[in-house]
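Take a look at the structure below.
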């Protein structure tokens, strides 16, 4: 295991994603950074992993590690991916940084059978206390950057996310909370107390009524998949 993999293996959100993903699955990691999660998924679950990353430096780091990653913007470039190309689309700690969260979430579940989405919870009690007591934007483990230097533009609470999932007619198959680096804890996100307790949350999502679509073979497809997915 490389140094990057060892560091990534200590992240509890990555541990939970590893637990969720089935071995041998086709996985798209959106906003994959330097490829830490993709590398773990390949090593531990034998997935056919592909990545989309906006940062040229992140793409270069992924390619140097032999990962199949293309440069692109989740807000615009997910539209180019073939329907039903993956078993899972992962959006880890990225939803709050995209310009069109509703569109991105909708696209994830067009591209894949299931989406794994994690984000910091702006309803956590530390966030509420910071706003109440100091009247200032909070800085916490889940939200470490000052307001003027953060990539986050669409922060939300668990309750906000549940409303969006309902609006998109999505099924929540599982949900886990992350707090202060502790192991992920399975929760019912409908319970109001969890909106106070969870620093961050991980959702496993699918469509309540799956759309009829062909199964795509990435190796033989004549669509744009051959251009997007080759290393």
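Which of these, 35, 72, 192, has the largest mean-square fluctuation under a Gaussian network model of the chain (Cα springs below 10 Å)?
In this elastic network of the chain, the residue with the biggest mean-square fluctuation among 35, 72, 192 is 192.
Tell me, what is the FRET efficiency for residue 141 and residue 167 to the nearest 0.05, using R0 = 30 angstrom and their Cβ-Cβ distance as r?
0.55
Suppose R0 equals 41 Å; then what is the FRET efficiency for residue 133 and residue 207 from their Cβ-Cβ distance, rounded to the nearest 0.05?
It comes out at approximately 0.50.
In 5 Å bins starting at 0, how do the alpha-carbon pair distances of the chain split up by percent?
Histogram of Cα-Cα distances, whole percents per bin: 1, 7, 14, 19, 20, 17, 12, 6, 3, 1, 0, 0.
Quantify how much of the Cα-Cα distance distribution of segment 1-106 extends past 18 Å, in percent.
45 percent
Multiplying the sequence separation of residue 154 and residue 79 by 0.36 nm and subtracting their Cα-Cα distance, what value in nm do you get?
Here the segment from residue 154 to residue 79 would lengthen by 24.9 nm.
From the square roots a ≥ b ≥ c of the eigenvalues of the alpha-carbon gyration tensor of segment 136-205, which class results: rounded (a/c under 1.5), prolate (a/b over b/c), or oblate?
oblate
FYI, it's all coordinate maths here, none of it is from the lab. Computed from a predicted structure; not experimentally measured. Positions of Cβ are backbone-derived with ideal geometry, glycine not excepted, and every protein chain shown enters the neighbour counts.
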